[in-house]
Amino acid sequence: MKRLFIDESGIVKIKEVPNLEIGGNEVLVKIKACSICGGDIKIYKGIKEGVLKKDLPYPLSGHEWSGEIVKVGNNISNFRIGDRVARCFSNYCGFCINCRLGMPNFCIGIKEQEHSGGFAEFAKFYVPPIGGSGLFKIPEGISYESAALAEPGTCAIGATLKVNIHPGDFVAVIGLGGLGQLISQRISAYQSYVIGIDINESKLKKASQWCKYTINSSTDNPVKKVLEIT
């Protein structure tokens, strides 16, 4: 199968690697879409600039993916061939102390399994016998591309829930990258007034769909502007 590698510093290439074999508690997924995490870009730039020391060629994993199940392990009953699925953070058991406290992203009950990731033709995923799982079926009407944003999308939802936002509140979002855009969308759904702050005009323009106000902090004092707005 094909997989993405940093072939040499700053150069990405596709290489052939052996096909994946799955165990009884695993599924094989044909990748349909994979979004690019900021961490992926940092690895790429770090190797390019000599900051990160990794053996080359270095395989890029890609952890925000969606696809179609093409093979199912013998022990799995809750997924079938043909299911449309999306990966949303790491696996979780559903029973350990962190899972029971509502923090499955810090699960200590199962060990993260080695997988090829979404920057490959196929990925395998471990499905716990009972309890939790980081693999979810995609509802009807949601595209593979949208489903690949499940992980950063839920991060944005979690962030806004912690802030306890109410309709009519003024909320400043500092930094309008991928997560900043998603957080701005989520806050606007509360009928709150979002103040988007960034130094990049294209990001500010994009965020203006959800931000009542935008501030370019490279040309304006953001503290002064926020005080004027509020």
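Observations on the model:
- Here the stretch 107-230 exposes an accessible surface that is 56 percent carbon and sulfur, computed with a 1.4 Å probe and the other protein chains kept in place.
- Restraint check, K32/K124; K13/K137; K45/K124; K203/K225; K71/K124; K48/K111, Cα-Cα greater than 21 Å: K13/K137; K45/K124; K48/K111
- Taking the helices alone, the chain has a mean residue ellipticity at 222 nm of -7500 deg cm²/dmol, built from -39,500 (n - 2.57) per DSSP H run of at least 4 residues and averaged over all its residues.
- P(r) tail for the stretch 1-113: Cα pairs beyond 22 Å make up 49% of the total.
- Relative contact order (%) - criterion: Cα under 8 Å, at least six apart; region: the chain: 17 percent
- Taking every protein chain into account, the accessible area of the chain amounts to 57 square angstrom per residue (probe 1.4 Å).
- About its Cα centre, the dipole of the stretch 1-137 is roughly 220 debye, where the only charges are +1 on Lys and Arg Cβ and -1 on Asp and Glu Cβ.
- Summed side-chain charge close to K13 - residues other than K13 whose Cβ falls under 12 Å, Lys, Arg +1, Asp, Glu -1: 0
- Legend: residues L20, L227, L28, sorted from most to least accessible area (1.4 Å probe; ligands, DNA and RNA excluded), read L227, L20, L28.
- Potential lengthening of the chain between Q209 and E21 amounts to 63.2 nm, from the contour at 0.36 nm per residue minus the alpha-carbon distance.
- Shape analysis of the stretch 94-213 yields a ratio of the Cα radius of gyration to the Kirkwood radius, Rg/Rh, of 1.04.
- Per DSSP, loop GluC sites (Glu not before Pro) in the stretch 112-173 with at most 14 further Cβ within 10 Å: E112, E114, E140
- Estimated inter-spin distance, F136 and S77, nm [label 7 Å along Cα→Cβ]: 2.4 nm
- Charged-residue dipole, Cβ positions (Lys, Arg, Asp, Glu), the chain about Cα centre, Debye nearest 20: 100 debye
- The stretch 198-212-the stretch 48-106 distance, computed between alpha-carbon centres (Å): 31 Å
- Under 15 Å, Cβ to Cβ, from Q209 - net charge with Lys/Arg +1 and Asp/Glu -1: +3
- In degrees, nearest ten, helix 150-163 long axis to first principal axis of the chain (Cα): 40 degrees
- K48 paired with M1, simple spin-label distance in nm, labels 7 Å along Cα-to-beta-carbon: 2.7 nm
The values are calculated or read from the model by the stated rules, or taken from the named source; none is laboratory data. No experiment lies behind these values; they were computed from the predicted model shown. Here Cβ is always computed from backbone atoms with ideal geometry, including for glycine, and neighbour counts include all displayed protein chains. Surface accessibility is based on the protein's heavy atoms, side chains included, excluding ligands, DNA and RNA. Shrake-Rupley method; radii C 1.70, N 1.55, O 1.52, S 1.80 Å.
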